[in-house]
Structure formats: C-alpha cells, structure tokens
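Each remark here refers to the structure printed beneath this line.
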Amino acid sequence: MLPWPRHDPETYAEIGRTARRFADEAIRPLAAELDRDGRFPSELYRQMGELGLFGVAVPEAHGGAGLDVLAYALVMEELARGYASVADQCGLVELIATLLSRYGTDAQRRRWLRAVLRHDVRVAYCITEAEAGSDVAGIKTRAEGDGAGWVLNGSKLWIHNAPIAEVGFVLARTDPAAGHRGMSIFIVDLTGPGVARGPKEPKMGQRASPVGALDFTDVRLPADALLGELGRGFHVMMSVLEKGRVGIAALATGIAQAGLEAALEHARARRQFGRPILDNQGLQWKLADMATDIAASRALVHRAALLLDHGLPANAACSMAKLKAADMAVAQTAEAVQVFGGLGYIQGIEVERLYRDAKITQIYEGTQEIQRNIIARELIREGAAT
Ligand SMILES: Cc1cc2nc3c(=O)[nH]c(=O)nc-3n(C[C@H](O)[C@H](O)[C@H](O)COP(=O)(O)OP(=O)(O)OC[C@H]3O[C@@H](n4cnc5c(N)ncnc54)[C@H](O)[C@@H]3O)c2cc1C
C-alpha cells in the first residue's frame with residue numbers, strides 16, 4: 001500500500017496548473033529559439049522565482065513553497081513539457097536549496113537561501129571530475145585546513161551552470177586517508193581569485209543549460225564555507241540525490257508527454273492515402289503504447305515521491321523511477337519522431353529536439369547502470385527492492 005499524499009488534492013492541482021500555464025505561455029514558445037541559440041533564459045527564471053516555482057519542496061520558513069516532493073515532481077513534469085532545460089534549472093535550484101535548508105547553519109541559510117530561490121545568484125553543484133564520474137568516491141579535489149579556513153585545489157567537469165554561476169557547492173577531500181568518509185562540501189565564490197572556468201561545452205540536447213569545467217588553484221575559503229559536518233560530504237550529497245532522481249524522472253516524463261501531444265496533433269493533421277494518418281489503427285496503437293508507457297513512468301515517479309514525503313525507505317524506488325522514466329523518454333520521443341516521418345528528423349521541429357533532450361536523462365544524476373546497481377543492491381540485501 002502506498003501512503004496518501006500529505007496535502008489536499010486542490011493544493012497539488014493548483015501548483016500543477018501554475019506550472020502548466022507558465023510552461024504553455026512563457027516557456028514553450030521560446031523552446032526552439034533557446035535550443036537553437038543555447039541561450040540562458042534569465043528572464044524566465046526571474047518570473048519562476050516570483051511564481052514560487054523554485055524550492056517547491058523546501059520549507060516555507062526557509063523561503064520555499066513548503067510543499068513536498070510529489071508537488072515538486074508535478075512541477076518538474078509540467079516545466080519539462082515546456083522545455084527540459086528550464087526544468088533542469090528548477091531541479092538544480094531545488095537540490096542546492098535542499099542542501100542549504102537541511103545542512104546549512106542559520107548564517108548560511110540567511111546569506112544564500114532566498115537569493116538562490118529568487119535566482120538572484122546562479123548556482124553550480126560540483127561533484128564530477130575527469131577521473132571520477134560514476135565513482136564519486138574517486139574524486140581528487142582537495143581542501144586543506146590552513147588554520148583560518150581552507151585552501152581548495154582541483155578540477156570539476158561537466159558542471160551545470162559552470163560557465164555563468166556565481167556560487168559553487170563543491171565536494172572535496174578533507175581527509176584523503178578516510179575514503180568516502182573523508183569528503184566535505186564547501187560553498188565557493190566562483191567569481192573570486194583562483195577560480196578558472198572552461199568554455200561552454202557544445203551539447204547534443206538541453207542546450208539552454210550551460211555546462212563546463214571549473215578549476216580551483218589555491219582558492220582560499222573562510223572556515224564558514226564548510227556546509228554540513230566535516231567528513232560527511234559524500235553522505236550529504238548522496239542524501240539529496242534521491243530527491244534529485246525523482247526530479248529527473250519527472251522531467252523525463254514531461255519530455256515524453258510533450259512528444260505524445262505533438263505526435264497526436266501531427267497524426268490528426270497529416271493526410272496520406274486520402275485520409276489522416278491517425279485513421280490507421282497501427283498508428284493509434286503506437287499512440288496508445290506511448291500513453292501507457294508515460295503513465296507507467298508517472299506512476300513510479302509519484303510512488304517514489306510519496307515514499308520520500310513520508311520518510312519511508314525510498315532509495316530503490318527513486319532509482320526505479322529514474323531508470324524507467326529515462327529509458328521511456330528516449331524510446332517514446334523516438335516514436336514521436338517516427339509519427340512525424342521525415343519531418344521529425346528536421347532541425348527546429350519539436351520532436352527532433354525532444355529526442356535529443358531526452359538522452360541525457362539516461363546519463364546525469366547517476367547513469368542507468370548505476371540506478372540498476374542501487375536497485376540490485378537492495379534486492380540482494382533485503383530480498384526485495386521497494
Ligand atoms: C549535460 C551534463 C550535465 C551534467 N551536470 C553535472 C553537474 O551539474 N554536476 C556534476 O557533478 N556532474 C554533472 N554531470 C556529470 C554526470 O553526472 C556524469 O557524466 C555521470 O555521472 C557519469 O559519469 P561519467 O560521464 O564519468 O561516466 P563513467 O562513470 O565513465 O561511465 C561510463 C559508462 O560506464 C558505466 N559504468 C560505470 N561504472 C559502472 C558500474 N559500476 N557498473 C556498471 N556500469 C558502470 C556507466 O553507466 C556508463 O555507461 C553532467 C554531465 C552532463 C553530460
């Protein structure tokens with residue numbers, strides 16, 4: 001049995017409607033241009049901050065909407081239906097705000113939380129390195145105590161917002177002998193001395209989300225740059241990734257939903273053999289299969305969200321949602337391209353973008369193989385993966 005949602009149905013309907021309206025009116029009309037030019041849409045993020053679409057599951061006392069992960073998943077799906085890069089930014093802000101809300105000191109929360117949620121400062125979540133992707137415990141970036149604070153050295157790779165962010169939340173080794181128990185998180189001013197940025201990487205999809213490298217050379221950090229307990233950084237980063245995976249799963253579901261809607265509209269309008277292609281039962285079945293697969297993914301997303309919202313074990317559930325939804329999004333956006341025929345392969349057509357945007361959901365926030373490892377670990381240890 002699944003637990004019930006924590007809020008009344010109208011609360012979820014209202015936040016979902018707000019996100020859908022914003023996606024339809026403000027995001028979707030810009031999506032093709034943002035994809036073509038790789039432009040970072042600051043104006044959309046300012047409006048989202050005002051509408052309360054950042055920090056949906058962050059407590060009100062900390063500047064969030066005070067709702068829950070289920071509401072956050074609804075918002076992520078609707079935003080991604082408009083354009084995945086915009087949902088991606090919402091997911092990044094939610095992760096950083098969750099870190100600050102759960103683990104920050106009062107002073108850190110006062111300094112950063114509201115600014116992050118209003119998108120007055122742009123943030124980056126910095127884990128991956130050239131030699132440490134899936135194997136997070138293999139990072140080499142080092143923070144050494146110098147009496148007054150810390151000195152940071154190392155490099156991060158493929159970091160969202162790295163080309164533009166003002167603040168980085170950086171995972172670094174503080175005790176190299178202690179393995180994953182010797183890592184800590186630091187709040188780093190990315191505009192300060194010793195920080196260098198690589199160029200914006202050209203990407204297959206989600207092109208309005210700038211990604212790049214960050215190099216840290218003798219970056220001096222004050223003592224209060226440490227976020228959370230010394231040596232607990234790996235645990236802290238991983239603890240927010242459960243919510244992160246639900247967010248990416250919802251985002252993938254939204255991409256696929258946009259593909260289904262575009263495919264249905266095209267199938268009604270396009271005529272071959274003297275009638276709409278939608279009149280062919282084979283095509284109707286394709287659309288029925290797409291809708292069923294999307295609904296199955298959505299159900300897994302909501303299930304994982306509900307478990308998290310009730311504080312129940314949700315590690316495997318979050319991985320299952322991400323695994324299913326990301327594979328589904330790639331498969332079903334390919335089907336949407338198929339419904340468009342040759343037109344679906346042409347740049348600037350929505351389904352062509354959706355297909356490219358879907359692929360990264362199988363890679364970031366833990367690859368599909370790592371999700372399977374997590375599910376299998378629980379299955380083998382507990383005899384069942386829930
Ligand atoms: C667009 C984009 C945005 C990103 N944003 C961020 C960000 O904001 N912050 C950040 O820190 N990182 C970010 N990343 C990095 C991303 O999280 C990593 O790319 C991802 O975790 C995989 O690491 P890797 O690329 O090094 O692949 P690798 O770890 O080298 O994996 C290569 C392949 O081997 C498989 N593999 C590895 N280990 C195992 C295993 N034990 N069992 C089975 N298969 C395995 C993987 O599944 C994959 O298929 C981003 C990446 C991209 C491309």
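No value in this document is a laboratory result; all are computed from the given coordinates. These numbers come from a predicted model, not from an experiment. Cβ atoms come from the backbone with ideal geometry, glycine included; neighbour counts cover every protein chain shown.
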Inter-label distance, nm, simple model (7 Å from Cα along the C-beta direction), Met204/Arg17: 3.9
Can you compute the modelled spin-label distance between Gln272 and Ser239, with each label point 7 Å from Cα toward Cβ, in nm? 5.5
If the limit is 25 Å between Cα atoms, which of Lys200/Lys359; Lys203/Lys324; Lys140/Lys324; Lys243/Lys286; Lys156/Lys243 go over it? Lys140/Lys324; Lys243/Lys286
Just grab the label-to-label distance for Arg110 and Ile346, each label 7 Å out from Cα along the Cβ direction, in nm (one decimal). 5.9
Taking the alpha-carbon set of the chain, what are its Rg and Dmax in Å? 21.1, 80
In the stretch 176-207, which residues have a backbone nitrogen under 19 Å from the label point lying 7 Å from Leu230's Cα in the Cα-to-Cβ direction? 176-188
Between helix 281-309 and the chain: long-axis angle, C-alpha atoms, 0 to 90°, nearest 10: 30
One computes Rg over Rh for the stretch 1-81 from alpha-carbon atoms, with the Kirkwood Rh, and obtains 1.03
Roughly how tilted is helix 350-359, in degrees to the nearest 10 and between 0 and 90, from the longest Cα axis of the chain? 40
Considering Cα pairs under 8 angstrom that are at least six residues apart, work out the relative contact order of the stretch 205-339 and quote it in whole percent. 35
At 20 °C and 1.002 mPa s, what whole-number value in µm²/s does Stokes-Einstein give for the translational diffusion of the stretch 123-233, with Rh from the Kirkwood sum over Cα pairs? 154
What number do you get for the stretch 231-373 when its Cα radius of gyration is normalised by 2.2 N^0.38 Å, N = residues? 1.20
Given Cβ charges of +1 for Lys and Arg and -1 for Asp and Glu, the option among Gly138, Thr191, Leu226 whose Cα lies farthest towards the positive end of the dipole of the chain is Gly138
First measure r as the distance between the Cβ atoms of Ala223 and Glu131, then evaluate 1/(1 + (r/R0)^6) with R0 = 30 Å and state the FRET efficiency to the nearest 0.05. 0.55
For the stretch 254-318, taking Cα atoms only, what is the radius of gyration to one decimal and the Dmax to the nearest whole Å? 17.0, 57
At what distance in angstrom do the alpha carbon centres of the stretch 1-71 and the stretch 325-352 lie from each other? 25
For the chain, the longest principal axis of the Cα atoms and the Cα long axis of helix 368-382 enclose an angle in degrees, to the nearest 10, of 80
Report the residue, chosen from Ala148, Ala314, Ala32, that carries the largest GNM mean-square fluctuation when the chain is represented by alpha-carbon nodes joined by springs under 10 Å. Ala148
Quote to one decimal, in nm, the extra length available between Trp4 and Asp120 on full extension: 0.36 nm per residue of separation minus the C-alpha distance between them. 38.2 nm
